[in-house]
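Participant: Right, I'll just put the structure down here and ask away after.
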Number of protein chains: 2
Amino acid sequence: MMLLDDLPTPAFIVDKHAFQQNCKAARAAAAKNGIPRLRPHVKTHKTIEGCIIQAGIHSAGEEESLADVIGFVASTLPELAMVVKLGCQYKRKPFTDVIFGIPICKSKLLSIQSMSHELTSATHGEGCIHVIVDNPQQVTFLEEFAQQNTSDENTQRWSVFLKLDTGYHRAGITCEKAGVNLATQIINSTHLVLKGLYTHCGHSYNIQDSGVMKETTNQDHSMILGFLNTLRSHLKSSNRKFDVSSLSISVGSTPSMFSHDNALKIPNIELHPGNYVFYDRQQLWTGACSSEKSIGGFVLSRIIGHYDDEHRNAIMVDAGATALTKESTPQGSMCSVLGRPDLECYRMSQEINMIRCKSEDGAKPFPFQEFPLGSTVLLIPNHSCLAAACFEEYHVVDGGDNSVSTKSEVVEMWSPVKGW
Amino acid sequence: MMLLDDLPTPAFIVDKHAFQQNCKAARAAAAKNGIPRLRPHVKTHKTIEGCIIQAGIHSAGEEESLADVIGFVASTLPELAMVVKLGCQYKRKPFTDVIFGIPICKSKLLSIQSMSHELTSATHGEGCIHVIVDNPQQVTFLEEFAQQNTSDENTQRWSVFLKLDTGYHRAGITCEKAGVNLATQIINSTHLVLKGLYTHCGHSYNIQDSGVMKETTNQDHSMILGFLNTLRSHLKSSNRKFDVSSLSISVGSTPSMFSHDNALKIPNIELHPGNYVFYDRQQLWTGACSSEKSIGGFVLSRIIGHYDDEHRNAIMVDAGATALTKESTPQGSMCSVLGRPDLECYRMSQEINMIRCKSEDGAKPFPFQEFPLGSTVLLIPNHSCLAAACFEEYHVVDGGDNSVSTKSEVVEMWSPVKGW
């Protein structure tokens, strides 16, 4: 029996129970808010085991009150290949329906086409990889690729989600004329199929007030409905027959996942959170994660220094920027210590991290005897997606309703896919 | 012939020519400043190939004006194993003399002892791994381990560098009474040998003024000399015979490497920079790296978005926080574009990064035609140690005196060691 305390450090620890509970809570919340479909992102955990839990295929019996899991989103080719592998194995949704979630580029087409063939062949045409488009040039190179690679046996069209910018101002074409023209271009293409619209409610990461969060998601939905209406009129005026209400509308983000209420009755709406499986310190701030008990991903670290002089009054642990990353959050600091709100991580280098007591002048005596040299602590990373990506393997514990501690037993090992 | 432009992105690119020049410049500067010995850190590159270039074993003929490379520093067990492997193969310095550079903890002793046996056996007792101590408890568990694991055939003592805090206030015991007592404890131990003192001039990372940098290194040297004098007196007063001037004095950091002048004639002084092999945006700020031509490590990224609306006026590239990390620097921003001081990376997510023109109001038109969708750019990371650690392999180019560009040819592949 291997306890966390016995592991080489740093190590990434997954609480399977929290992961499962978080997945169920997301499905329940979506259903309650009038959103019957969930399309989880796999970028946070990048594992086969995580996909299976997100899919919820082992939780029969309570399906009525939970949103259906109808597909996945992936943001690297290895993540996509992982879901496709599951699709070929299970031959059923959600594994057979996956969006490659960053704007498509030419150099990735050959890989995606090869995976697409594999998936459609294993599922007798049921499975599908969708690509994201937010620029007319992407339509051009998708068409050119299709023309060059289409044969009699292989007449597959590219299934496209159009990415819209609804206020986050990162990826996505504007909802104005440019967006409508691009949607029309896709609809009119003989090599492309417009499958849906995709928005990322990323501005929600800076919102802590639930009223403001609600307002933000409402704006997102309003802009999408406005876009659908403009598109419908535009197509009608040019006599192009296309059922706009058939489009899948993929919205969301983890901070906003509990605030997406389908009051505006958007047809075929689906929610695509990702970080919710682990949560992290940022999500404790936004309120998407309500307590440390829901945290599903930690960095285990060992105490390797005691410094009780006037300049420090602190301990040092062996997890630094290569294990936790340097994402900042509104709370300040780079991570926190599970169960110890009285402590703060105040300084981080490549392989180490300094922890002291919170106090106005930094002079509160550190309880060194509670943290002996060689003992371990569980750190809550600021951004679990980035911290998890630092590791080649995860050590999995499953404490049920008991809290995870450094005495928890390792019950499984998960291996995330790596690279791009 | 594979060009950078043809590679899957993101990719980590090493300019071997810059790497070699940086290694030579470090040795030349140390020698010029009266420091005849260099002990490079391997944490930045983590590769066999990088160690061999740092060692300078292929640059015979100019040795007189260059500092000797006498050993290495490693900060993870895989890095240590890599150097030990080279030590067993080459059976000569610098590969046979290596410091494990973070404070020693009990759970790593078995691995280090095993590597130590391997090295001493391959080198007939010449090779040595040194551990870092900054706490009396570490002496206790090193002694206990030695007592439990010493046999007639195996009477090796732990070779110890005492880590001193000379102002950075991270690891290291104070130079006051506590430090002197710990040094004495090590000297008096039958299982330990005090090999040297180790300081990290880490506060230099925040210094841009060369006068202040010089002052900082002078303070570092003064404190070490003061410590040596106090220790000498202390040992004399207790009638303990020990030649304090035989200790190796390991100092430095990349920002301060050109400012360590041995005016105070510290005996057996050695310099241990690490980041200097690649440099990065932080080092362009400190001035340790004087121009982009000296940058040896880049992240190659592909343009996947063009956004010419009022909110953005920017491009998107496919290298985000999992490829560049979110280290901040005094210049602001997360990275820069090689050869394009007019551009700034203003926003980074997990897998993407937004780039626009620098301008007071952000409204300067972006030259989209110079950055077509699908083309590539070379990004200079803020902190190359952290960015390199994101990758499983490096693509190496060697342009000689020519600048690296996205049309440079890949001539080698290097595989860094991973994990801890």
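Participant: Do we have A:Gly297 as surrounded by fewer than 20 Cβ atoms within 10 Å (Cβ to Cβ) and more than 10 Å from chain B (Cβ to nearest Cβ) here?
Facilitator: Spelling it out, it is not the case that A:Gly297 is surrounded by fewer than 20 Cβ atoms within 10 Å (Cβ to Cβ) and more than 10 Å from chain B (Cβ to nearest Cβ).
Participant: State the number of residues belonging to region B:397-420 that are within 14 Å of chain A (Cβ to nearest Cβ) and not aliphatic (A, V, I, L, M).
Facilitator: Summing the residues that are within 14 Å of chain A (Cβ to nearest Cβ) and not aliphatic (A, V, I, L, M) in region B:397-420 gives 6.
Participant: Select the strands (runs of 3 or more DSSP E) contained entirely in region A:78-179, then report the ones holding at least 3 residues which are closer than 24 Å to A:Thr47 by Cβ.
Facilitator: A:97-103, A:128-133
Participant: Another question, then. In this structure, does B:Glu360 turn out to be in contact (Cβ under 8 Å) with a residue 24 or more places away in the chain and charged (D, E, K, R)?
Facilitator: Criteria not met by B:Glu360.
Participant: Just to be sure before I move on: is B:Thr120 polar (S, T, N, Q) and either open to solvent by less than 10 Å² (accessible area, probe 1.4 Å) or within 20 Å of the chain's Cα centre (by Cα) (or both) in the structure I sent?
Facilitator: For B:Thr120, the condition - polar (S, T, N, Q) and either open to solvent by less than 10 Å² (accessible area, probe 1.4 Å) or within 20 Å of the chain's Cα centre (by Cα) (or both) - is not met.
Participant: Consider only pairs whose beta carbons are under 9 Å apart and that are at least six residues apart or on different chains; among these, list those whose first residue lies in region B:96-114 and is in contact (Cβ under 8 Å) with a residue 40 or more places away in the chain and within 8 Å of chain A (Cβ to nearest Cβ) and whose second residue is buried (at least 24 other Cβ atoms within 10 Å of the Cβ) and in a helix (DSSP H, G or I).
Facilitator: From region B:96-114, the pairs are B:Pro103/B:Gln138.
Participant: Just to be sure, is B:Leu271 open to solvent by 10 Å² or more (accessible area, probe 1.4 Å), aliphatic (A, V, I, L, M) and either in contact (Cβ under 8 Å) with a residue 60 or more places away in the chain or within 14 Å of chain A (Cβ to nearest Cβ) (or both)?
Facilitator: No; evaluated as a whole, the condition is false for this residue.
Participant: What is the residue count in region B:342-399 for residues that are open to solvent by less than 50 Å² (accessible area, probe 1.4 Å) and in a helix (DSSP H, G or I)?
Facilitator: Selection size over region B:342-399: 6.
Participant: Take the residues in region B:330-341 that are aliphatic (A, V, I, L, M) and open to solvent by 20 Å² or more (accessible area, probe 1.4 Å); name whichever of them is nearest to the other protein chains (Cβ to nearest Cβ).
Facilitator: By that ranking, first place goes to B:Met334.
Participant: Could you check, for region B:254-263, whether at least one of its residues is away from chain A (no Cβ under 14 Å), acidic (Asp, Glu) and under 30 Å from B:Gln331 (Cβ atoms)?
Facilitator: yes
Participant: Taking region B:196-213, which residues are within 14 Å of chain A (Cβ to nearest Cβ) and out of contact with any strand residue (DSSP E or B) (no Cβ under 9 Å at 6 or more places or on another chain)?
Facilitator: Answer for region B:196-213, where residues must be within 14 Å of chain A (Cβ to nearest Cβ) and out of contact with any strand residue (DSSP E or B) (no Cβ under 9 Å at 6 or more places or on another chain): B:Gly202, B:His203, B:Ser204, B:Tyr205, B:Asn206.
Participant: Are any residues in region B:167-195 away from chain A (no Cβ under 12 Å) and of a type in the set (Ser, Thr, Tyr), and if so, which ones?
Facilitator: The answer is B:Thr184, B:Ser189, B:Thr190.
Participant: With open to solvent by 70 Å² or more (accessible area, probe 1.4 Å) and of a type outside the set (Val, Ile, Thr) as the only criterion, which of A:Ser237, A:Ser256 stands out?
Facilitator: Every option except A:Ser237 fails the conditions.
Participant: Then there's this: Return the residue satisfying two criteria in turn: it lies in region A:300-319 and is more than 8 Å from every other protein chain (Cβ to nearest Cβ) and surrounded by fewer than 20 Cβ atoms within 10 Å (Cβ to Cβ), and of such residues it is modelled with the lowest pLDDT.
Facilitator: Among those residues, the one meeting the criterion is A:Glu310.
Participant: Hey, can you tell me all the residues within region B:369-396 that are out of contact with any Lys or Arg (no Cβ under 7 Å at 6 or more places or on another chain), of a type in the set (A, V, I, L, M) and away from chain A (no Cβ under 14 Å)?
Facilitator: B:Leu378, B:Leu379
Participant: Sticking with this structure for a sec: How about region A:62-104: which of its residues are in contact with a Lys or Arg (Cβ under 6 Å, 6 or more places away or on another chain) and surrounded by fewer than 24 Cβ atoms within 10 Å (Cβ to Cβ)?
Facilitator: A:Leu66, A:Ala67, A:Asp68, A:Ile70, listed by residue number.
Participant: Could you tell me which residue of region B:346-368 is farthest from A:Ala321 (Cα to Cα), considering only residues that are more than 10 Å from every other protein chain (Cβ to nearest Cβ) and basic (Lys, Arg)?
Facilitator: This residue is B:Lys364.
Participant: Could you go through region A:147-160 and let me know if any residue there is away from every other protein chain (no Cβ under 13 Å), at negative phi and crowded, with 22+ Cβ neighbours inside 10 Å.
Facilitator: yes
Participant: Tell me yes or no: at least one residue of region A:124-146 is away from every other protein chain (no Cβ under 14 Å) and under 27 Å from A:Asn239 (Cβ atoms).
Facilitator: yes
Participant: Consider B:Ser291 carefully, then state whether it is among the polar types (S, T, N, Q), more than 13 Å from the chain's Cα centre (by Cα) and within 15 Å of B:Ile13 (Cβ to Cβ).
Facilitator: Judged against the criteria, B:Ser291 is not a match.
Participant: Another question, then. Can you list residue pairs whose Cβ atoms sit under 6 Å apart, with the first residue in region B:193-213 being in contact (Cβ under 8 Å) with a residue 12 or more places away in the chain and the second being open to solvent by 70 Å² or more (accessible area, probe 1.4 Å)? Count only pairs 6 or more apart in sequence or on different chains.
Facilitator: Hits for this filter: B:Val193/B:Arg157.
Participant: Next up: What's the number of the only condition in (1) of a type in the set (Ser, Thr, Tyr); (2) assigned by TED's automatic domain parsing to the domain that holds A:Gly374; (3) open to solvent by 10 Å² or more (accessible area, probe 1.4 Å) that A:Ser245 fails to meet?
Facilitator: It fails just one condition, (2).
Participant: Out of the residues in region A:320-329 that are at the interface with another protein chain (Cβ under 9 Å from one of its Cβ atoms) and hydrophobic (A, V, I, L, M, F, W, C), which is nearest to A:Asp5 (Cα to Cα)?
Facilitator: A:Ala323
Participant: Would you call A:Glu49 surrounded by fewer than 24 Cβ atoms within 10 Å (Cβ to Cβ), modelled with pLDDT under 95 and of a type in the set (D, E, K, R)?
Facilitator: The answer is no for A:Glu49.
Participant: Can you say whether B:Tyr276 is farther than 30 Å from B:Ala18 by Cβ, open to solvent by less than 10 Å² (accessible area, probe 1.4 Å) and either under 18 Å from the mean Cα position of the chain (by Cα) or within 14 Å of chain A (Cβ to nearest Cβ) (or both), as far as the supplied structure shows?
Facilitator: Criteria not met by B:Tyr276.
Participant: OK, next. Within the set of pairs 6 or more residues apart or between chains, which connect a residue that is closer than 12 Å to A:Phe391 by Cβ and among the polar types (S, T, N, Q) inside region A:1-22 to a residue that is open to solvent by less than 40 Å² (accessible area, probe 1.4 Å) and outside any loop (DSSP other than H, G, I, E, B) with Cβ atoms less than 7 Å apart?
Facilitator: Note: pairs meeting the criteria are A:Thr9/A:Leu300; A:Thr9/A:Ser301; A:Thr9/A:Arg302; A:Thr9/A:Thr376.
Residue-by-condition table, conditions (1) out of contact with any Leu (no Cβ under 7 Å at 6 or more places or on another chain); (2) under 30 Å from A:Val133 (Cβ atoms); (3) touching a residue at least 40 places away in the same chain (Cβ under 8 Å); (4) not assigned by TED's automatic domain parsing to the domain that holds B:Ser403:
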| position | (1), (2), (3), (4) |
| --- | --- |
| B:Ser237 | yes, no, no, yes |
| B:Ile249 | no, no, yes, yes |
| B:Phe258 | yes, no, yes, yes |
| B:Ala263 | yes, no, yes, yes |
| B:Gly287 | yes, no, yes, yes |
| B:Leu300 | no, yes, yes, no |
| B:His306 | no, yes, yes, no |
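The values are calculated or read from the model by the stated rules, or taken from the named source; none is laboratory data. Since we're looking at a predicted model, the values are computed, not measured. Note: ideal-geometry Cβ built from the backbone for every residue, glycine included; neighbour counts use all protein chains shown. Keep in mind that these areas ignore ligands, DNA and RNA; they rest on the heavy atoms of the full protein, side chains included. Shrake-Rupley method; radii C 1.70, N 1.55, O 1.52, S 1.80 Å.
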